[in-house]
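Structure record follows, encoded as structure tokens.
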Amino acid sequence: MNENLFASFATPTMMGLPIVILIVMFPSILFPSPNRLINNRLISLQQWLVQLTSKQMLAIHNHKGQTWALMLMSLILFIGSTNLLGLLPHSFTPTTQLSMNLGMAIPLWAGTVITGFRHKTKASLAHFLPQGTPIPLIPMLVIIETISLFIQPMALAVRLTANITAGHLLMHLIGGATLALMNITTSVALITFIILILLTILEFAVALIQAYVFTLLVSLYLHDNT
Amino acid sequence: MASSLPVKEMKLMDVKLGELPSWILMRDFTPKAITGEIQRGYYRYYKYLYARALGKGGIAGISMVLAAYGLFNYYSYKELKHEQLCKYH
């Protein structure tokens, strides 16, 4: 039972072939590209959602920040769809692997920092010192701000991994407990209710993408504009 | 089993059951042909998603895809034998 609990997070292989690449590429099938002037229902719905989200998300950026629109929208679509697909039974969620989340977080964060340094060097270096600090505190505060800057990509990656993994594990555990209790008592009803509620709340894993892209976006904003 | 044409040029419905392995082996396996096959299958399937003229572009198409994905994941896990319901693990 213990080995079984973590076995669903192993990268899936079918007869020795790593099919994890197929599973990572699978959500792309679910977003067909619009071909015509008036598309079918699925594409129209997705187009409307993407436009809604992108307007919301890019409103606070200036011209330079809005060149990142494609990147941010594909990020939110990818993370949202992979998280939601991971809620199907027995499916593998790529975002539970820390390696993949680090691979998403570090390049994007580094891109924002380097953009800030290249185009507004003084302003981005000035971020290390908040306004109006007393003079004796300055060295310590610079160190603290540097640490908080470098911890940003780690926080982005670990936040996503930990949230999704913890949610999946909880569902496994509670489901197993329900099955074990089914023969004994009818407190099952209570536990299945907890499972249902947990699953619904976990379906706000989509909210987690919101968190991901939003923090990324806030970082981008701060680095480009001040 | 007598067949009218050489096996290579027959469509799938005309191939007799015993000749099926040889029919499969006779198809082109060049990448260009394989992508052609995949595209043809794709377009035939996606009439379920793209049926705006029929007025039914609803939830059926994408739920078929998700169900197929769920079944695919179900059959690709070897640790299923641990998840059978038994009293002692």
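Values quoted throughout were computed directly from the atomic coordinates according to the rules given, and no laboratory measurement underlies them. Computed from a prediction, not measured in an experiment: that's the story for all the values here. Quick reminder, even Gly has a Cβ in these numbers, built from the backbone with ideal geometry, and neighbours come from all protein chains shown.
Within region A:131-141, can one find any residue that is in a helix (DSSP H, G or I) and within 28 Å of the chain's Cα centre (by Cα)?
No, region A:131-141 contains no residue that is in a helix (DSSP H, G or I) and within 28 Å of the chain's Cα centre (by Cα).
Condition check ((1) over 13 Å from the mean Cα position of the chain (by Cα); (2) assigned to a helix (DSSP H, G or I); (3) under 15 Å from residue A:205 (Cβ atoms)) across all residues:
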{"site": "A:81", "(1), (2), (3)": "no, yes, yes"}
{"site": "A:87", "(1), (2), (3)": "yes, no, yes"}
{"site": "A:103", "(1), (2), (3)": "no, yes, no"}
{"site": "A:123", "(1), (2), (3)": "yes, yes, no"}
{"site": "A:126", "(1), (2), (3)": "yes, yes, no"}
{"site": "A:153", "(1), (2), (3)": "no, yes, no"}
{"site": "A:159", "(1), (2), (3)": "no, yes, yes"}
{"site": "A:185", "(1), (2), (3)": "yes, no, no"}
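May I ask you to list pairs of residues, at least six apart or on different chains, whose Cβ atoms are under 7 Å apart, with the first in region A:28-41 being within 10 Å of chain B (Cβ to nearest Cβ) and among the hydroxyl-bearing types (Ser, Thr, Tyr) and the second being surrounded by 12 or more Cβ atoms within 10 Å (Cβ to Cβ) and assigned to a loop (DSSP other than H, G, I, E, B)?
Close Cβ pairs satisfying both conditions: none exist.
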